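Here is the structure we will look at, set down as structure tokens.
The values are calculated or read from the model by the stated rules, or taken from the named source; none is laboratory data. Only a predicted model underlies this, so the values are computations on that prediction, with no experimental measurement involved. Don't worry about glycine lacking a Cβ; one is built from the backbone with ideal geometry, like all the others, and counts go over all protein chains shown.
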Amino acid sequence: MRIGILFLLLGLLPLSAQNAQLAGMQQDLAELRTEVEKLKLENADLRAALNRQKAGQGQAASTADTLAKTRAETLNEVDRRLKLHTDEVNAALAELTRQVNAALGKTGATPPAKSSKPAAQTETPASTEEGAPSGIPQTGIKYRVKSGDTVTKIALRNGSKVDWILKANNLSSPAALKADVEIFVPQPETPAR
């Protein structure tokens with residue numbers, strides 16, 4: 001009988017080893033479950049942080065868009081006011097030119113001989129008013145500035161000088177010349193040679 005009990009014990013030994021192995025596996029499985037739960041929590045935290053960051057970027061982009069629109073509106077308003085001011089100045093210059101031409105017509109001034117100029121130019125007698133810059137010819141033409149024109153080109157084309165054009169039109173520098181504006185181009189009474 002002792003031998004039977006011994007065999008029984010020997011038969012149970014592998015079973016207890018298997019039970020110990022199974023218990024170890026169950027413990028490992030429990031640790032893995034804990035790790036998976038931790039990873040799920042970390043993943044949820046990362047997703048929440050990412051969503052917060054995206055929302056922040058969306059607000060920043062929205063703010064940047066709003067700022068850009070505001071700047072564009074401000075620039076458009078400045079352009080509108082500048083154009084309005086330019087139109088007012090041009091109207092005042094046209095009226096002044098009309099008055100000068102009318103005064104010259106009443107005093108019997110003789111207009112200079114017409115020359116063949118491009119269609120955008122018209123011969124106009126001019127006179128210097130009290131306090132006008134000296135050394136500028138009293139006669140000249142009206143010229144509508146085209147895109148790409150420079151004071152130098154206009155002066156060369158019309159037998160004038162850069163300084164005369166700048167002074168006659170109260171331009172601070174050649175860069176102040178703007179397209180689609182009518183200017184006065186002084187010309188000497190006798191053609192330059």
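Here is how the numbers come out for the structure above:
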| read-out | value |
| --- | --- |
| The range 136-193 - residue that is of a type in the set (Phe, Trp, Tyr) and not in a helix (DSSP H, G or I) and, of those, farthest from residue 95 (Cα to Cα) | 143 |
| Of all residues in the range 56-94 being of a type in the set (A, V, I, L, M) and touching a residue at least 60 places away in the same chain (Cβ under 8 Å), the one that is farthest from residue 170 (Cα to Cα) | 94 |
| Qualifying residue in the range 23-44 (condition: at pLDDT below 80, surrounded by 10 or more Cβ atoms within 10 Å (Cβ to Cβ) and either outside the structural domain of residue 176 (by TED's automatic domain parsing) or out of contact with any Cys (no Cβ under 8 Å at 6 or more places or on another chain) (or both)) | yes |
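Residues are listed down the side, and each one gets a yes or a no for (1) modelled with pLDDT under 80; (2) within 14 Å of residue 160 (Cβ to Cβ):
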site	(1), (2)
85	no, no
91	no, no
108	yes, no
127	yes, no
149	no, yes
